[in-house]
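In what follows, a single structure is set out as structure tokens and then discussed.
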Amino acid sequence: MSLPLAPVLAQPVLPLYTGNIPNSIPSNGQEKSNTEGNGNVHVTNVVQPSLTVYVPPAGTANGTSIVVCPGGGYGFLSMTNEGTEIAQRFTGMGITVFILKYRLPNDAMQPDKSIAPLMDAQQALRLVREVAPKYGLNPERIGLMGFSAGGHLAATAGTQFARPVGPKPGPASVRPAFLMLIYPVISFSDSLTHGGSRTNLLGQNPTPDQKVQYSADRQVTAQTPPTFLVHAQDDKTVKVQNSLAFYAACVNHGVPAEMHLFAKGGHGFGLHNGSTTDDWSERLREWLAANGWLTR
């Protein structure tokens with residue numbers, strides 16, 4: 001059974017960068033926002049990446065925070081069911097939530113489109129650490145959550161933190177404390193990849209080395225953060241084998257991982273898998289609690 005969503009409070013928006021945005025080409029492009037028939041807001045053409053802050057109700061914050069990466073195949077950002085609603089659910093657990101509006105790969109706007117989303121995810125982790133005192137956060141309890149292609153971004157950030165991208169990345173850690181990957185794109189191999197995500201990020205003809213570099217299951221090490229995965233077996237958009245491959249890599253490297261698989265649900269269900277009364281976010285709450293991330 002789905003749990004109630006917390007009310008949305010006023011949210012400050014934090015620009016990811018001060019001054020010039022690295023790895024960007026001056027452009028007259030403007031961000032676009034479109035509301036779909038189901039009420040879900042899709043954002044495209046992100047020019048100014050940012051974090052929108054959602055704080056828990058007064059007196060309930062526990063010091064844990066998460067950065068949320070909405071999905072959309074690296075072609076748009078699904079900001080409602082994989083953003084705002086997630087913030088409503090997790091602030092109700094005492095978690096401070098930062099919704100990441102990251103740049104989508106665009107040759108006309110970025111010299112190297114393949115690293116633009118990862119740069120933004122890594123900068124988001126730096127920024128949350130920077131503002132942690134202001135929001136009463138523990139800088140060692142910052143998690144990273146991603147949905148679909150946002151799951152690919154989160155998994156990439158969670159496995160490649162030792163090699164920050166971009167010029168002069170600085171000394172601040174970009175390793176998340178834990179990962180939450182919801183029906184994620186994981187592999188860029190020909191047999192498993194979501195074609196649209198790979199093409200949008202790497203172009204029509206990625207090299208074999210790029211396919212390996214951006215296959216998160218191939219980048220798992222013993223230092224990969226503890227991971228929680230959710231997927232549906234009947235997902236026709238992103239094959240369930242993506243999550244299976246990441247889980248297996250975690251097992252092989254001794255990384256604590258928990259995976260919840262549904263027989264049905266398809267793709268893009270956000271919090272609401274209509275095929276079952278089982279609420280994966282409640283399973284996630286239990287996992288967070290068991291690991292001490294909900295303790296004040």
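The values are calculated or read from the model by the stated rules, or taken from the named source; none is laboratory data. Fair warning: this is a prediction, and the values are worked out from it, not measured in the lab. Glycine also receives a Cβ, built like all others from the backbone with ideal geometry; neighbour counts cover every protein chain displayed. Just the protein is used for accessible areas: all its heavy atoms, side chains included, with ligands, DNA and RNA removed. Shrake-Rupley method; radii C 1.70, N 1.55, O 1.52, S 1.80 Å.
Please work out the Cα convex hull volume for region 102-175 and give it in Å³ per residue.
On the way: hull volume 7.2 nm³, N = 74.
So the per-residue hull volume is 97 Å³.
Of the residues D235, D190, D107, which exhibits the maximal mean-square fluctuation in a Gaussian network model of the chain defined by a 10 Å Cα contact cut-off?
D190
Let me have the 222 nm mean residue ellipticity of the chain computed from DSSP H runs of 4+ only, each contributing -39500 (n - 2.57), with the sum over all residues rounded to the nearest 500. Don't jump to the answer; show the numbers that get you there.
Values: 7 runs with 75 residues, N = 296.
That calculation yields -7500 deg cm²/dmol at 222 nm.
Using the charge dipole of region 210-296 (Lys, Arg: +1 at Cβ; Asp, Glu: -1 at Cβ; taken about the Cα centre), state which of Q219, A232, G254 has its Cα farthest towards the positive end.
After comparing all options, I get Q219.
Send over a whole-number figure in Å² for the accessible area per residue of the chain, probe 1.4 Å.
On the way: 12190 Å² over 296 residues.
That works out to 41 Å² per residue.
Go ahead and set up a Gaussian network model of the chain, Cα springs under 10 Å, then flag whichever of T84, T159, T60 fluctuates most.
The residue that fluctuates most here is T60.
Dividing the Cα convex hull volume of region 141-243 by residue count, how many Å³ per residue is that?
Numbers: hull volume 10.5 nm³, N = 103.
Dividing the Cα hull volume of region 141-243 by its residue count gives 102 Å³.
Please pull out the direction-averaged projected area of region 173-296, using the convex hull of its alpha-carbon atoms, in nm² to one decimal place. Spell out each step's value before the answer.
Details: hull surface 34.9 nm².
Directional mean of the projected Cα hull area for region 173-296 stands at 8.7 nm².
For every other residue with a beta carbon closer than 11 angstrom to the beta carbon of R103, add +1 if it is Lys or Arg and -1 if Asp or Glu, then tell me the sum. All intermediate terms of the calculation are to be shown ahead of the outcome.
Details: positive: K101, K113; negative: E31, D120.
Summing Lys/Arg as +1 and Asp/Glu as -1 gives 0.
Can you sort E82, E36 by solvent-accessible area, 1.4 Å probe, largest first?
Details: E82 10, E36 65 Å².
So, going from the largest accessible area down, we get E36, E82.
Residue by residue, what Karplus-based ³J(HN,Hα) values in Hz, rounded to whole numbers, does region 165-173 have, using 6.51, -1.76 and 1.60 with θ = phi - 60° and x for Gly and Pro?
Calculated HN-Hα couplings, in order: 9, x, x, 6, x, x, x, 4, 5 Hz.
To the nearest 20 debye, what is the magnitude of the charge dipole of the chain about its Cα centre, counting +1 on the Cβ of each Lys and Arg and -1 on the Cβ of each Asp and Glu?
540 debye
Would you mind telling me the share, in percent, of accessible area of region 41-291 contributed by carbon and sulfur at probe 1.4 angstrom? Don't skip to the answer; put the middle values down first.
Numbers: 4490 of 8780 Å².
Of all accessible area on region 41-291, carbon and sulfur atoms account for 51 percent.
Amide H neighbours of A257 under 5 Å, counting only residues 5+ apart in sequence or on other chains, H built in-plane at 1.01 Å?
T227
How compact is region 1-107 by the rule of thumb for globular proteins, expressed as Cα Rg over 2.2 N^0.38 Å? Walk me through the numbers before you get to the answer.
On the way: Rg = 14.9 Å, N = 107, 2.2 N^0.38 = 13.0 Å.
Dividing the Cα radius of gyration by 2.2 N^0.38 Å gives 1.15.
Which of P171, P56, T84 sits closest to the plus end of the dipole of region 41-291, meaning its Cα is farthest towards the positive end, when Lys and Arg get +1 and Asp and Glu get -1 on the C-beta?
P171
Under 28 Å between alpha carbons: how many lysine pairs meet that in region 41-291, if sequence neighbours fewer than 8 apart on the same chain are excluded?
Step by step, the pairs that qualify in region 41-291 add up to 16.
Kirkwood Rh, the chain, all Cα pairs: how many Å? Intermediate results must be reported in sequence, preceding the final value.
Numbers: mean 1/r = 0.0530 Å⁻¹.
Across the chain, the inverse of the average 1/r is 18.9 Å.
Just add up the charged neighbours of S189: K/R +1, D/E -1, any other residue whose Cβ is under 15 Å from the Cβ of S189.
Working: positive: R198, K211, R218, K239; negative: D190, D209, D217.
Summing Lys/Arg as +1 and Asp/Glu as -1 gives +1.
How large is ³J(HN,Hα) for each residue in region 269-281, as worked out from phi by the Karplus curve 6.51 cos²θ - 1.76 cosθ + 1.60 (θ = phi - 60°), to whole Hz, x for Gly and Pro?
With the stated coefficients, region 269-281 comes to 7, x, 6, 10, 7, x, 7, 8, 8, 6, 9, 5, 5 Hz.
With a 10 Å cut-off between alpha carbons and a GNM built on the chain, which of T276, T193, T227 moves the most?
Top of the fluctuation ranking is T276.
Pull up the DSSP beta bridges for region 41-291 and report the antiparallel fraction as a percent, rounded to 5. List each step's numbers first, then the result.
On the way: 7 of 31 bridges.
Just about 25 percent of them are antiparallel.
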